[in-house]
Every structure is written in C-alpha cells, then in structure tokens.
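Let me begin by handing over the structure; questions about it come next.
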C-alpha cells in the first residue's frame with residue numbers, strides 16, 4: 001500500500017468521530033454526543049502527535065497487513081513516517097517533511113524530494129485539529145459503551161455508526177456491510193482521541209480491520225533528516241506523484 005494512501009486512510013478513519021445523534025447511555029452525566037463534542041473541541045490544542053496504524057485485510061484485490069507510524073509537528077510543518085506492508089516484506093517506506101521539502105524513499109530506491117507546499121502538507125498530514133474539525137462532522141448514531149484504559153489513560157469507549165458518506169470515503173460504496181464496528185476511545189481527563197478502530201465484514205466474505213493509536217500529544221518533537229537524504233533529487237510535484245518508487 002502506498003504510504004500516501006495509508007496517511008489519507010488515517011485521516012478518513014479519524015472522520016468517523018463526529019457530531020450526530022446518540023442513544024441514552026451516559027458516563028459522568030454526559031451522553032456520547034457530548035463526549036465526542038468535547039473531543040472535537042479539544043482537538044484545537046493538538047499541535048504534535050504520534051499516530052500508529054495497524055491494518056489487516058482480506059479483499060479481492062489485496063490481502064495482507066501493514067504497519068505505519070507517523071510523528072507530526074503541525075506548528076513547524078515537519079513530520080516523519082515509516083510504513084511496512086506484508087506485500088513487500090523486505091521493504092519499508094520513509095517520508096520526511098522538513099524545512100519546506102518532502103523527502104521520500106523506499107528500501108530499493110534513492111531519496112527524492114519535492115517542495116512541501118501547503119496543499120501537499122494538508123493532503124498528506126494536515127494538522128491534527130484540521131483533520132478533526134474539517135472531517136469530523138457526520139455520523140448516524142453514537143453510544144457510550146464503557147470506561148477502558150488505553151496505555152494507562154482512562155478513556156470513554158464510544159461506539160459509532162458511520163454515515164453512508166463515511167463508508168464511501170473508505171472505498172466501500174456499493175458493498176453490503178454485514179458487521180460494521182467503529183469504536184473511539186477518548187481520554188477522560190482532556191478528551192483527546194487516544195484510539196480508533198474499525199472492523200468490517202463484507203457480504204462476499206471480504207473483511208477489513210484497522211486500529212489507530214494516538215500518543216505523545218503536545219510533546220517535544222525532534223525530526224532530523226538522515227545524511228543520505230541531503231542530496232535527494234528534486235522533482236516537481238507532478239513528477240514526484242508519478243514516480244515509480246511508490247508501492248503499487
């Protein structure tokens with residue numbers, strides 16, 4: 001899976017946490033809607049974050065698993081991403097956003113770079129709060145399930161029924177989803193999103209599972225470009241998008 005696609009999928013998954021209608025389940029006197037609204041508001045103060053994504057899937061066009069970790073510093077427009085995919089067991093993908101350049105390579109290619117424009121930054125990373133505030137707008141229903149710990153943080157576990165548009169954004173339009181499960185874990189103390197997961201069973205036997213965890217929120221970030229990337233070949237944005245280094 002292309003690392004850019006992985007990062008865009010992260011943004012799509014974050015979009016299932018939104019403002020809609022909840023059932024009557026409550027915790028600490030709050031409904032699921034109110035908890036999600038607090039999460040929405042808290043996202044304004046998320047300036048740095050580390051996101052770890054693990055997915056497994058059995059689709060007609062691809063079966064396998066992947067592991068992606070992204071460290072994002074929105075204030076300085078810098079980031080580091082590394083991705084692994086079971087389809088390419090001997091390869092990894094690395095991406096650096098630093099000093100107004102976007103550097104990329106996989107384990108079999110040389111480093112290349114392109115100018116890090118605002119559009120490219122927003123399309124790949126965006127800011128944590130932009131991803132939440134812009135895309136977290138619609139769901140059909142949400143309900144509080146329980147309190148659970150995520151890496152030692154006490155969290156509200158919320159069950160979410162996504163809208164049809166959210167399912168379409170995941171590339172699942174026109175499919176019959178038998179068992180869709182979307183859950184969000186939101187920190188009790190500050191309402192930051194700590195974990196997001198979904199599991200889908202499709203009527204023809206295909207399935208997709210994904211888990212994202214969020215950590216090191218607003219912690220200092222130190223991203224250093226490796227020496228090997230300092231002489232990266234500069235490409236235009238169009239050339240960069242067309243390069244064959246990307247996983248197909």
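What follows draws every value from the coordinates through simple rules; no lab data is involved. Small disclaimer: the values here were computed from a predicted structure and weren't measured. In this analysis, Cβ positions are derived from the backbone assuming ideal geometry, glycine residues included, and neighbour counts consider all displayed protein chains.
Can you tell me the length gained on complete extension of the stretch residue 99 to residue 207, counting 0.36 nm per residue apart and subtracting the Cα distance?
Here the segment from residue 99 to residue 207 would lengthen by 34.9 nm.
Determine, for each peptide in 213-225, 40-52, the mean count of other beta carbons within 10 angstrom over its residues, then list the peptides with the highest first.
Packing proxy ranking, top to bottom: 40-52, 213-225.
Give, in nm to one decimal, the length gained when the segment between residue 218 and residue 119 is fully stretched (0.36 nm per residue of separation minus the Cα-Cα distance).
In short, 33.3 nm is gained.
So, in nm, how far is label residue 147 from label residue 161 when the simple model puts each one 7 Å beyond its Cα toward the Cβ?
2.8
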